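Everything below concerns the one structure shown next.
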Amino acid sequence: MKTDNIERYLESFGRNVVKDSENLLHSKKGSTALGKSIRFKVETTPTGFSTKFYMDDYGTFLDKGVSGNKKKQSFQNYKFKNMSSPYSYKSKGPPIDILSKWIKKKGIKPKGTGRGRSKNTGQYISGLAYLISKKIKRDGIKSLSFFQKPFGLWYDKLQHDFLKIFKQDIQTYLTTFYRP
């Protein structure tokens with residue numbers, strides 16, 4: 001049986017989830033490499049179709065949050081239910097070298113480092129990265145639910161529309177198969 005309408009609908013579903021996730025992430029974090037990494041693929045399986053979503057690994061941590069060792073974080077799942085984050089910091093915080101790169105990328109500098117004044121900015125960046133790492137380890141990372149929310153909205157629509165789309169494919173199949 002041809003399932004063109006179902007496949008087209010799942011492609012549309014995937015595009016909408018990705019677009020809305022990118023937009024929500026952009027509105028919360030600005031333009032990011034993570035937003036550009038979000039993608040989907042509709043695959044044919046022996047039992048029908050599968051729509052799979054992909055993004056850079058750290059996207060899951062930003063989407064669902066990470067609990068600190070002193071403060072618990074939660075997120076809103078695709079069914080719009082508040083859930084505890086499945087991730088947490090136990091013995092280590094985020095790597096200082098990664099935070100140092102982020103500080104440099106953001107252009108954060110100590111006061112008085114402009115116009116010929118020289119301070120040891122490398123030492124400043126390392127110290128600041130250490131303090132940020134300590135705070136993140138303690139408090140965690142707040143969830144953005146940038147993927148969960150759009151997925152939930154479009155999934156609800158998919159459930160609502162699916163029978164209608166399936167009916168169109170059956171009618172097309174019957175019309176094609178039983179031509180007079």
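Relative to the current alpha-carbon distance between Ser12 and Asp57, full extension at 0.36 nm per residue lengthens the span by 13.8 nm. Going from the fewest other Cβ atoms within 10 Å to the most, the residues Thr60, Thr32, Thr44 appear in the order Thr44, Thr60, Thr32. Normalised by 2.2 N^0.38 Å, where N is the number of residues, the alpha-carbon radius of gyration of the range 1-132 equals 1.48. Please find, in a Gaussian network model of the chain (springs between Cα atoms separated by less than 10 Å), the residue of Asn23, Asn69, Asn82 whose mean-square fluctuation is greatest. Looking only at Asn23, Asn69, Asn82, the largest GNM fluctuation is found for Asn82. Comparing Lys90, Lys137, Lys81, which has the greatest mean-square fluctuation in the GNM of the chain with Cα pairs linked when under 10 Å apart? Greatest mean-square fluctuation among the candidates belongs to Lys81. Comparing mean-square fluctuations of Gln148, Gln76, Gln123 from a GNM of the chain with C-alpha springs under 10 Å, the top value falls on Gln123. In deg cm²/dmol and to the nearest 500, what is the mean residue ellipticity at 222 nm of the chain if only DSSP H runs of at least 4 residues count, each as -39500 (n - 2.57), divided by the residue total? Value at 222 nm, helices only, nearest 500: -18000 deg cm²/dmol.
Counting only Cβ charges, +1 for Lys and Arg and -1 for Asp and Glu, the dipole size of the chain around its Cα centre is about 1480 debye. Close amide H partners of Gly140, meaning residues 5 or more places away or on another chain with modelled amide H under 5 Å apart, are Gly68, Asn69. For the range 1-70, the Kirkwood hydrodynamic radius comes to 13.8 Å, computed from all pairs of different C-alpha atoms. Each of Asp56, Asp97 was scored by other Cβ atoms within 10 Å of its Cβ. Arranged with the fewest first, they read Asp97, Asp56. Select from Thr47, Ser12, Gly93 the residue farthest towards the positive end of the dipole of the chain; place +1 on Cβ of Lys and Arg, -1 on Cβ of Asp and Glu, and compute about the Cα centre. Of the candidates, Gly93 comes out farthest on the positive side. Couplings 3J(HN,Hα) of the range 82-94, computed from phi: 6, 10, 6, 4, x, 10, 7, 8, 10, 9, 10, x, x Hz, in residue order, whole Hz [Karplus 6.51 cos²θ - 1.76 cosθ + 1.60, θ = phi - 60°; x for Gly and Pro]. For the range 42-52, 3J(HN,Hα) computed residue by residue from phi via the Karplus equation (6.51, -1.76, 1.60; θ = phi - 60°) reads 9, 10, 7, 10, x, 9, x, 9, 9, 10, 10 Hz, glycine and proline entered as x.
Couplings 3J(HN,Hα) for the range 130-145, derived from phi with the Karplus relation 6.51 cos²θ - 1.76 cosθ + 1.60 (θ = phi - 60°), are 4, 5, 5, 4, 4, 5, 5, 4, 6, 9, x, 10, 5, 5, 9, 6 Hz, where x marks Gly and Pro. Rounded to the nearest 20, the Cβ-based charge dipole of the range 27-114 about its Cα centre (Lys and Arg +1, Asp and Glu -1) stands at 500 debye. Here the residues Ile132, Ile98, ranked from fewest to most Cβ neighbours within 10 Å of their Cβ, fall in the order Ile98, Ile132.
Once you've got the Cα coordinates, tell me which of Lys19/Lys92; Lys28/Lys90; Lys28/Lys52 are over 30 Å apart. Flagged as over cut-off: Lys19/Lys92.
Here, each number is a calculation from the coordinates, and none is a lab measurement. Predicted, not measured: the structure shown is a model, and the values here were computed from it. So basically every Cβ, Gly included, is an ideal-geometry build from the backbone, and we count neighbours across all protein chains shown.
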